[in-house]
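Undergrad: Starting off with a structure, shown below.
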Amino acid sequence: MNQLSRRDILLRASALGCSLAASPLVTPLAFAKAPWDTRLIVIILRGGMDGLDVVRPMGDPAFAALRPGLQDGDPAHDLDGYFALHPALGDLVPLWDKGELGFVHAVSTPYRDKRSHFDGQDLLEAGTAALSGGVRDGWLNRMLQEVPGLEADTAYAIGTGDLRVLEGAAPVANWAPEANLRISPAALRLASLVMEPDAPMHAALAEAEILSQTADASVRGGRAHQQIARFAAERLREDTRVAAFSLNGWDTHRAQARNLGRSLTTLSETVKLLRDGLGASVWDKTALVAMTEFGRTARENGTGGTDHGTGGLMMLAGGAINGGQVFGRWPGVAENALYQGRDLMPTADVRAGAAEVMRAITGVSQTALETKIFPGLQMGAPLGLMR
Amino acid sequence: MSFSPTLAERRFGFGLSPQIPAPQSVDAMLRGVAGVDQMLADHPLPSFRDLQDKLVLRRRFRGFARKNPDTDEGKAADKKQQEIYRTARDDWTRGFVQIQARRIQTPHAFRERLVAFWADHFTVVGKGGMLRFAGAAYADEAVRPHINGRFADLLRACVMHPLMLEYLDQNRSAGPGSIIVRRRPRWQGLNENLAREVLELHTLGVDGPYSQTDVRELAELFTGMSRADDYGFVFRRNLAEPGAETVLGKTYGQGASLQHIETALDDLARHPATAAHIARKLAVHFVGDVPSEDLVAHVRQAYAQSDGDLMQCYAALLEHPDAWVTPAKNIRPPQEFMSAALRAFGPPQQALSQMEPRDIGQVFHGPLRVMGQPWENPAGPDGWAENDAAWVTPQGIAARLEWAVYAPGKFLDALPDPVEFAQAALGDGVTADLLFAVNAAETREVALGLVLVSPAFQRR
């Protein structure tokens, strides 16, 4: 209920004292709004999501034999007669029906063969073709660097974990709903008094107070992903155009039927909370992109799970996407079609999907995308991911 | 501006302690760095060898468990490997407390700050599995013994440590003309990661006089450095690029040999750009985000004239008037902030060492994550940010305030008198406004928290 507009923040800032003027939330004072209106939400799925289990190629004759133990549970939801959606994402089927949910199958970063989470995530977030050192920032930040004069709250990195995809020279706001200010108003006033001689510190505290209050009633409570989703929606309803955060729990080496279901429920709740929080009008101009560092082995392993693989799945949601489709070139999962005889063969660069979405939203040039944001990427023909 | 014991503790140490006297001169500070390493003896940590043994053992149990998933022996082996992992993780968590004990109890806090500074300069993060628990052993074995010696020795120890080779992908890098690439064309070839970071981060600096060709040549020279099956260092001739390599205009010998690599590292350590890079980084870290050129030049000259003798660099830093300028400019990063709070409270060693790993996670590691500096887990090889703006964020300041109010009660038996604590923690840094706020606070927790979040405590 206690939702603050930027104007409210400014009014309160002047009541709190001048030092908030030094805060990134409200500088530069002349607000240069982002020159686009569509919201971009990037979710990094850490651990290697098993795309073959999330969007199952039921029509592929080789599929059933690969993972007999992973299809015992509730039936999957048919999507298009060939692919079917994991039962734990059942709540999102209405979005699919409306064209607000889509997938790109058999995608991967250029990362190959070593299958380390650590390197895989570094590469996914750096957006480079190889880990050869020297690149410190993330591709989403480099996209922002292409738009001069952006203000800090155009983009939000949300949550306590590192989010390299949004790190870099372009100003970005950070907030973790876990960063509570659970102290009394009187104590907060005293802290503000104590910090007053230090302008940046004082401003940061004032900003934290505003953020935690804004967030308070509606965001508080529930698990981390619920708080994050509510907070992201709240900022995106205002002037924020880009929000990024990560969800963990995809490394399903064992008991995948249970563990993946749990993580997908988290993802499904996150999407629904974002949609509800954004409201129909903003959801209509939102593109959500969820990506993971790699897919998993085509075959089930000996502990009811799957191991680190290669080709994976990208998920798209929001009213701005051209959903209701499984995009990508399906390579098949017959023995001789697998990558090194074990993994789903990647048929496209996952970066191309992200590039296409960003190109449509922000108008950033293909040259910038292929040389600066994703150096070495060849975008190829658009898949038609956006409306 | 000249030496002051209070500033020595705050700017160059972990703050004032109610129990440990502050150093009385620059000489005393330097002697504390050069002398016997009492804290290492008093508060030891598991060695890298110990972790290597655990890694090897766990791999064996894991392998057996995977091959025999349905047998009782297999299940027992699986339990065993999980237990080894848990033990290593708990050792790592408890190691946090040991490292704090060093920082709380040392009369030579500058030494502990230097260990942290250099461990960050040569950042490593263990990639995956139990390797991520190796950070403290690396700091103890590769960094700590060399911080009072020559930079060249420190550089060698860090760059050639198996954890570094693993972190920056050196261990599998093979020369395009190496034996392995000729025999197995599918083997991934050269990896420039370590070579680039050595030039950019460890020695010459990002503005240093090197080109992409130098990076590539150094990467070819580095080939062969790898880690053995037991995670120790090994030089693998079959990965090494044959022939000479030319880095920064100097050609390093024919044939693959560790000696050429060592010579190249020595030359990089001796390079004037390295002197300038190290001098600036020391000045930025200890004095302020934008140090005077005079201070940087003074340390740089000491480096150049002593062939990278680090004690001479510290002496130059501490003898310069800028080292003692007030008001303080830098903010303490979260980990230092926490250590300084612990040192100021002087919690009984027993209380800390008896904390369960879960509680250590809740009271220290969790809050550090929210403050933006998770324990031993920086985002990249460039380590933690030096600029204050990275730390003075809404989220960071809120997390510090929360921790300052709620955490001390969890590691102290009894909370001290807030006014006395303010005087003990801040010395002459106590202001009238702070005293007013401390006296006006509704609870002792809040009063103590206010002392900890005061600019006088957070800046140094």
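Undergrad: Give the cross-link partners of A:LYS98 among the aspartates and glutamates, using a straight C-alpha distance below 17 Å as the criterion and excluding same-chain residues fewer than 8 apart.
TA: A:ASP78, A:ASP80, A:ASP276, A:ASP284
Undergrad: Assigning unit charges at the beta carbon (Lys, Arg +1; Asp, Glu -1) and nothing else, what dipole magnitude in debye, to the nearest 20, does chain A show about its Cα centre?
TA: Charge dipole of chain A: 180 debye, to the nearest 20.
Undergrad: Within the range A:84-111, which residues have the backbone N less than 18 Å from the label spot 7 Å out from B:ARG186 along Cα→beta-carbon, could you tell me?
TA: A:111
Undergrad: Can you give the mean number of other chain Cβ atoms that lie within 10 Å of the Cβ atoms in peptide A:199-212?
TA: So the per-residue partner count for this stretch is 5.
Undergrad: Return the percentage of antiparallel bridges among DSSP beta bridges fully within the protein assembly as shown, rounded to the nearest 5 %.
TA: Looking only at bridges with both residues in the protein assembly as shown, the antiparallel portion is about 55 percent.
Undergrad: Next question. What distance in nm separates the two pseudo spin-label positions at B:ALA389 and B:THR443, each 7 Å out from Cα along the beta-carbon direction?
TA: 3.7
Undergrad: Which of the three applies to chain A, rounded, prolate or oblate, going by the alpha-carbon gyration tensor with a ≥ b ≥ c and a/c under 1.5 meaning rounded?
TA: Cα axes put chain A in the prolate bin.
Undergrad: Within 10 Å of each Cβ in peptide A:133-140, how many partner chain Cβ atoms are there on average? Round it to a whole number, please.
TA: 5
Undergrad: Strictly over 29 Å apart at the Cα level, which of B:LYS127/B:LYS250; B:LYS250/B:LYS281; B:LYS67/B:LYS127; A:LYS272/B:LYS75; A:LYS372/B:LYS250; B:LYS281/B:LYS410 would you flag in this model?
TA: B:LYS127/B:LYS250; A:LYS272/B:LYS75; A:LYS372/B:LYS250; B:LYS281/B:LYS410
Undergrad: Here's a follow-up. So how strong a dipole does the range B:164-270 carry about its Cα centre when Lys and Arg Cβ are +1 and Asp and Glu Cβ are -1, to the nearest 20 debye?
TA: Rounded to the nearest 20 debye, it is 580 debye.
Undergrad: For B:GLU319 and B:ALA244, FRET efficiency with R0 = 51 Å and r from the beta-carbon atoms, rounded to 0.05?
TA: The pair B:ALA244/B:GLU319 has a calculated efficiency of 0.75.
Undergrad: From the Cα gyration tensor of the range B:1-141, with a ≥ b ≥ c the square roots of its eigenvalues, which class applies: rounded if a/c is under 1.5, or else prolate if a/b is larger than b/c, or else oblate?
TA: Prolate, since a/c reaches 1.5 and a/b exceeds b/c.
Undergrad: Can you show me the helix-derived [θ] at 222 nm for chain B, built from DSSP H runs with n ≥ 4 at -39,500 (n - 2.57) apiece and divided by the number of residues, rounded to the nearest 500.
TA: Theoretical 222 nm ellipticity from helices: -16000 deg cm²/dmol.
Undergrad: Right, next: Quick one: which residues, 5+ away or cross-chain, put their amide H under 5 Å from the amide H of A:MET386? H built at 1.01 Å from N.
TA: Here A:ASN322 satisfy the definition.
Undergrad: Across peptide A:181-189, what mean number of C-beta atoms from other chains lies inside 10 Å of a residue's C-beta?
TA: 5
Undergrad: A follow-up question, please. When the helix-only estimate is applied to chain A (DSSP H runs of n ≥ 4, each -39,500 (n - 2.57), divided by the residue count), what is the mean residue ellipticity at 222 nm, nearest 500 deg cm²/dmol?
TA: Counting only the DSSP helices, I get -10000 deg cm²/dmol.
Undergrad: Quick one: dipole size for the protein assembly as shown, taken about the Cα centre, charges +1 on Lys/Arg Cβ and -1 on Asp/Glu Cβ, in debye to the nearest 20.
TA: The calculation lands at about 1320 debye.
Undergrad: Given R₀ = 35 Å, what would the calculated FRET efficiency be for B:THR251 paired with B:SER353, taking r from the Cβ atoms and rounding to 0.05?
TA: 0.05
Undergrad: Please state the shape class of the protein assembly as shown: rounded when a/c is under 1.5, otherwise prolate if a/b exceeds b/c and oblate if not, all from the C-alpha gyration tensor.
TA: oblate
Undergrad: Explain nothing, just the number: relative contact order of the range B:148-275, from Cα pairs under 8 Å at least 6 residues apart, as a whole percent.
TA: Relative contact order of the range B:148-275: 28 percent.
Undergrad: How high is the relative contact order of chain B, in percent, with contacts defined as C-alpha pairs under 8 Å that are six or more residues apart?
TA: 17
Undergrad: Among A:ALA169, A:ALA203, A:ALA298, which one shows the biggest mean-square fluctuation in a GNM of chain A, springs joining Cα atoms closer than 10 Å?
TA: The residue that fluctuates most here is A:ALA169.
Undergrad: If you don't mind, there's one more thing I want to ask. Of B:ALA390, B:PRO333, A:LEU273, which is farthest on the positive side of the dipole of the protein assembly as shown, counting Cα position, with +1 on Lys and Arg Cβ, -1 on Asp and Glu Cβ, and the Cα centre as origin?
TA: A:LEU273
Undergrad: What does the highest-first list of A:138-144, B:274-280, B:72-78, B:213-219 look like by mean Cβ count within 10 Å?
TA: Descending packing order for the listed peptides: A:138-144, B:274-280, B:213-219, B:72-78.
No value in this document is a laboratory result; all are computed from the given coordinates. It should be emphasised that the depicted structure is a prediction, and the values quoted were computed from it without experimental measurement. Cβ coordinates were reconstructed from backbone atoms using ideal geometry, including for glycine residues, and neighbour counts include every protein chain displayed.
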